[in-house]
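The values are calculated or read from the model by the stated rules, or taken from the named source; none is laboratory data. Values in this document were obtained by computation on a predicted structure and should not be read as measured data. Note that each Cβ is placed from the backbone with ideal geometry, even for glycine, and that neighbours are counted across all protein chains shown. Accessible surface areas use protein heavy atoms only, side chains included; no ligands, DNA or RNA. Shrake-Rupley method; radii C 1.70, N 1.55, O 1.52, S 1.80 Å.
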Amino acid sequence: AMDLHYAHGLPMATLYTFGKPRVGNVAFAKWYDTSPFVSWRVTHWRDPVPHLPMQSLGFQHDALESFYTEDSKTYRVCDDDPEDDSCSDQFEFDWSIEDHKHYLGILTGHHGCEWTPAPRNASREAGDLRRLHERLRQIDGPPRVVP
C-alpha cells in the first residue's frame, strides 16, 4: 500500500487487509502508522497468519486492528497497542486455518488457502469479493465491543 501510494502516486483513503501477517519491524510499523490513509488490519478469531512471523524475530504489526469474533457478528477495535492481547494476540497457540479462510462469513477466494493449484473460477471469485465489499459497506457506526 505504501509503495502504491508513494512510488506510484495512487491516492488511497482507506485500506483493508484481511489476515495480514506481520510485515516489518517496530520502526516499519511506526512509519506505516503515519500513512496519510486509514489502514484497517482486519483479523478473525483464531486465524494463525496474523501471528507470523513471530515477534521474537523482531516483527510487529501496525496499530489499527479490527478483531472479529468466531461468528463474525461482533468486533473489537484495538488501536493503542499493535500486539493487544484483547484482540487476535490473545490466542498464542490455539489457532484455526479455517478462520483464515473465512472473513465476515465469506470464503476468502474461491479456494481459500488451499496448497494445491486449482482451476480459477473468476466469476465466482468476483462474486465473493462483491459480497465481502457489500458486507464492509454495511458496517458503520461505533464498534460493537465484545464483552
Selection over region 1-20 where residues are open to solvent by 50 Å² or more (accessible area, probe 1.4 Å) and closer than 20 Å to Ser66 by Cβ yields a count of 4
In region 65-82, how many residues are open to solvent by 40 Å² or more (accessible area, probe 1.4 Å) and over 18 Å from Trp45 (Cβ atoms)?
-> 3
Matching residues in region 29-52 (of a type in the set (Phe, Trp, Tyr) and open to solvent by 70 Å² or more (accessible area, probe 1.4 Å)) number 1
A careful count of residues in region 1-57 that are at pLDDT below 90 and part of a helix (DSSP H, G or I) gives 6
If you go through region 37-49, how many residues are touching a Gly at 6+ places or on another chain (Cβ under 7 Å) and over 15 Å from Glu70 (Cα atoms)?
-> 1
